[in-house]
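*Asks:* My questions all concern the structure below.
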Amino acid sequence: MSNDAESTREPVRYELDGAVATITLNRPDAMNALDVPTKEALLAAVRSASADDSVRAVVLTGTGRAFCVGQDLKEHVQKLTSGQPPLSTVHDHYNPITLAIAEMPKPTIAALNGVAAGAGAAFAFACDMRIAADNAAFTLAFAQIGLSADSGASWTLPRLVGTAKAIELMFNPQKIGVREASSLGLVNEIVPADRLAEHVAALAARLAAGPTVSYAALKASVHFGASHTLAETLEFEDAMQTRCGATADHREAVDAFLAKRAPNFSGK
Ligand code: T3D
């Protein structure tokens, strides 16, 4: 593709299919590297999905052979060369994107269509589930370019693989193939590359038809419990249970159970 075509293409696509929003990083010629327009569009897309109550599941994926190779290092070097402060992007972009993904009050799925590096890997770790094509890979690329972790990788990665393994992966930023990633707990499922989109669409549709408030409370409780005492977590669970107990979906589910029929969840 010519530079002209690249410059006219939207760097992030936002598509709705029923109650599923799919956010697609769309710079295939740059392996979906994150330049400023891409980060701004990604933040807007993630915030739209979060705020839209009709969206009940969110898929994050990429076009081409990469999921996302993290910071666009060509842009980064230009900024370093011109004396601009490139590291302000952590505060301006990476942090709010990560929070918006991790705090999404509905299920999030990273559909890993290829390699995920640096902040690209961290965005996948911030999702609730990672479904990987059989040609996907990860690299915690930060040390390779003399940087520290960002986009929540130092929070999410130890929770996925344990502290010692997280440090090992960060100290050795080589590519981890999808089988090793799966054995470490980094991916939930591996599917043939040509079936990834269809498989994730079916999973997302199933989650989008589920009890959305319950899913949001479950993930919030698990994250809360990971960094609080049992007593604090019991209080938090109490609040979440009270919230879920007041939903139409809870009433529908118990009525359906007693009537021996499938529940019809509204997400409310
Ligand atoms: O201030 C701040 O910006 C801080 C924020 C930091 C957040 C971060 O994400 S830091 C981490 C940045 N990412 C990396 O360091 C990853 C660098 N890339 C790689 O290690 C490898 O490319 C991969 C392991 C991801 C893929 O390897 P492979 O062998 O499949 O592909 P390749 O041949 O290395 O790359 C193909 C092309 O993509 C190549 O360009 P070319 O030669 O065809 O013109 C390569 O330069 C380009 N590319 C890959 N990653 C990036 C990139 N271009 C710009 N930015 C990249 N991150």
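*Asks:* Return the residue satisfying two criteria in turn: it lies in the stretch 39-71 and is more than 16 Å from the ligand (Cβ to nearest atom) and within 10 Å of Val12 (Cβ to Cβ), and of such residues it is most open to solvent (accessible area, probe 1.4 Å).
*Replies:* Result: Ala44.
*Asks:* Among the candidates Ala202, Ala197, Ala248, single out the residue that is touching a Lys or Arg at 6+ places or on another chain (Cβ under 6 Å) and either closer than 24 Å to Ser50 by Cβ or loosely packed, with under 13 Cβ neighbours inside 10 Å (or both).
*Replies:* Ala248
*Asks:* Read through the list (1) out of contact with any strand residue (DSSP E or B) (no Cβ under 9 Å at 6 or more places or on another chain); (2) closer than 30 Å to Ala122 by Cα, then give the number of the only condition that Thr212 fails.
*Replies:* Failing condition for Thr212: (1).
*Asks:* Within the stretch 131-145, track down each residue that is open to solvent by less than 10 Å² (accessible area, probe 1.4 Å) and more than 13 Å from the ligand (Cβ to nearest atom).
*Replies:* Ile131, Ala132, Ala133
*Asks:* OK, next. For the stretch 215-230: of the residues being open to solvent by 40 Å² or more (accessible area, probe 1.4 Å) and in a helix (DSSP H, G or I), which is nearest to Thr24 (Cα to Cα)?
*Replies:* If we take residues in the stretch 215-230 being open to solvent by 40 Å² or more (accessible area, probe 1.4 Å) and in a helix (DSSP H, G or I), then Tyr215 is nearest to Thr24 (Cα to Cα).
*Asks:* Sticking with this structure for a sec: Which condition from (1) out of contact with any Ser or Thr (no Cβ under 7 Å at 6 or more places or on another chain); (2) within 15 Å of the ligand (Cβ to nearest atom) is the one that Ser221 breaks?
*Replies:* Of everything listed in (1) out of contact with any Ser or Thr (no Cβ under 7 Å at 6 or more places or on another chain); (2) within 15 Å of the ligand (Cβ to nearest atom), Ser221 misses just condition (2).
*Asks:* With aliphatic (A, V, I, L, M) and modelled with pLDDT under 95 as the only criterion, which of Ala66, Ala5 stands out?
*Replies:* Ala5
*Asks:* A further question follows. How many residues does the stretch 72-100 hold that are within 10 Å of the ligand (Cβ to nearest atom), of a type outside the set (Val, Ile, Thr) and open to solvent by less than 60 Å² (accessible area, probe 1.4 Å)?
*Replies:* 8
*Asks:* Please determine, by comparing only the residues of the stretch 192-211 that are in a helix (DSSP H, G or I) and without any contact (Cβ under 8 Å) to a residue 60 or more places away in the chain, which one is farthest from Phe265 (Cα to Cα).
*Replies:* The selected residue is Asp194.
*Asks:* Follow-up. Within the stretch 130-158, can you find the residues that are touching a Lys or Arg at 6+ places or on another chain (Cβ under 9 Å) and polar (S, T, N, Q)?
*Replies:* Asn135, Thr139
*Asks:* Further question: Considering each of Ser148, Ser154 in turn, give the residue that is surrounded by fewer than 21 Cβ atoms within 10 Å (Cβ to Cβ), touching a residue at least 12 places away in the same chain (Cβ under 8 Å) and among the polar types (S, T, N, Q).
*Replies:* Testing whether each residue is surrounded by fewer than 21 Cβ atoms within 10 Å (Cβ to Cβ), touching a residue at least 12 places away in the same chain (Cβ under 8 Å) and among the polar types (S, T, N, Q) leaves just Ser154.
*Asks:* When you scan the stretch 1-114 for strands (runs of 3 or more DSSP E) that lie fully inside it, which ones turn up with 1 or more residues that are hydroxyl-bearing (Ser, Thr, Tyr) and closer than 24 Å to Thr139 by Cα?
*Replies:* Here the list reads 20-25, 57-62, 108-112.
*Asks:* Restricted to the stretch 101-123, and to residues that are within 19 Å of Leu43 (Cβ to Cβ) and open to solvent by 20 Å² or more (accessible area, probe 1.4 Å), which residue is farthest from the ligand (Cβ to nearest atom)?
*Replies:* Filtering first and then ranking leaves Pro105.
The values are calculated or read from the model by the stated rules, or taken from the named source; none is laboratory data. Remember, it's a predicted structure, so these values are computed and weren't measured experimentally. All Cβ positions, even for glycine, are placed from backbone atoms using ideal geometry, and neighbour counts span all protein chains on display. When the accessible area is computed, the model is the full protein with side chains, heavy atoms only, and any ligands, DNA or RNA have been set aside. Shrake-Rupley method; radii C 1.70, N 1.55, O 1.52, S 1.80 Å.
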